[in-house]
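The values are calculated or read from the model by the stated rules, or taken from the named source; none is laboratory data. Note that the structure is a prediction, hence the values are computed from the model and not measured. For neighbour counting, all protein chains shown are included, and Cβ atoms are generated from backbone atoms with ideal geometry for every residue, glycine included.
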Amino acid sequence: MKKIITMLSLAVMSIMLIVGCSSAKNSDNLYLGNCPDNMSGMGKKYFINNLEDGNYEIEFTAKEYEYGVLKEEHILYKSTINHDGNNSKLKIGVVDGEESDSSLKVIINDSEYGGYTLECLKNGYDTGMAMSILDKDKYFNLDDEVALAVYSIGGENRSTESLDIDEEFKIGNNNLKDLVVYMKLHKTN
């Protein structure tokens, strides 16, 4: 009898675990994937996949590092968007402007916003710049700050080091400048 009760208890606990896991709301299924659209300028577009309908606050920031030390943070664009429709994808990205204005623009669907002028981009046009992007799908949660791209300028007598942003990454201290562009998404309803 004791053996049967123990087996029933284990079965009930297994069912509770399965039901509990499957009903828990989890945004781990959100991920950035490649968008094959052609770009004019140096930039990259991605799809946010598995995005539910609703209103979202979206923010793009750029953090400027010098030899690995954070020097400045810039809000490139912040707005509320309504994501609805039959598609669970949202197109986002970043692109630098013309060399003459040294600016970054953000992309939401097929519209460009901002045009934040950054001195470090101007220096990059003069000395040479590398861009690091995601090479594979990147999973994230709502309210996470997700790196989309890094614009890097090599240090004195050093080659420019690209950064792997596919996983959690750390800013190295080899580059004179690293400008990391982040996106954060918050569901408001």
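Every residue, every condition in (1) on the phi > 0 side of the Ramachandran plot; (2) surrounded by 10 or more Cβ atoms within 10 Å (Cβ to Cβ); (3) modelled with pLDDT of 50 or more; (4) among the acidic types (Asp, Glu), yes or no:
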| residue | (1), (2), (3), (4) |
| --- | --- |
| LYS3 | no, no, yes, no |
| SER14 | no, yes, no, no |
| ASN29 | no, yes, yes, no |
| ASP37 | no, yes, yes, yes |
| LYS44 | no, yes, yes, no |
| GLU57 | no, yes, yes, yes |
By residue number, the members of segment 50-66 that are among the small types (Gly, Ala, Ser) and closer than 12 Å to THR188 by Cβ are GLY54
*asked:* When you scan segment 164-173, do you find a residue that is buried (at least 21 other Cβ atoms within 10 Å of the Cβ) and polar (S, T, N, Q), even just one?
replied: no
The residue that is modelled with the highest pLDDT, considering only those in segment 88-121 that are of a type in the set (D, E, K, R) and assigned to a strand (DSSP E or B), is LYS91
Return yes or no: is ALA130 of a type in the set (Gly, Ala, Ser), under 27 Å from ASN29 (Cα atoms) and surrounded by 13 or more Cβ atoms within 10 Å (Cβ to Cβ)?
no
Given the criteria at pLDDT 90 or above, surrounded by 13 or more Cβ atoms within 10 Å (Cβ to Cβ), assigned to a strand (DSSP E or B) and of a type outside the set (A, V, I, L, M, F, W, C), does GLU73 qualify?
no
Reported set for segment 133-150 where residues are surrounded by 14 or more Cβ atoms within 10 Å (Cβ to Cβ) and in contact with an Asp or Glu (Cβ under 7 Å, 6 or more places away or on another chain) is LEU134, LYS138, TYR139, VAL150
Next on the checklist: Among the residues of segment 76-87, are any assigned to a loop (DSSP other than H, G, I, E, B), within 19 Å of the chain's Cα centre (by Cα) and either at pLDDT below 90 or under 30 Å from CYS120 (Cα atoms) (or both)?
Outcome noted: no
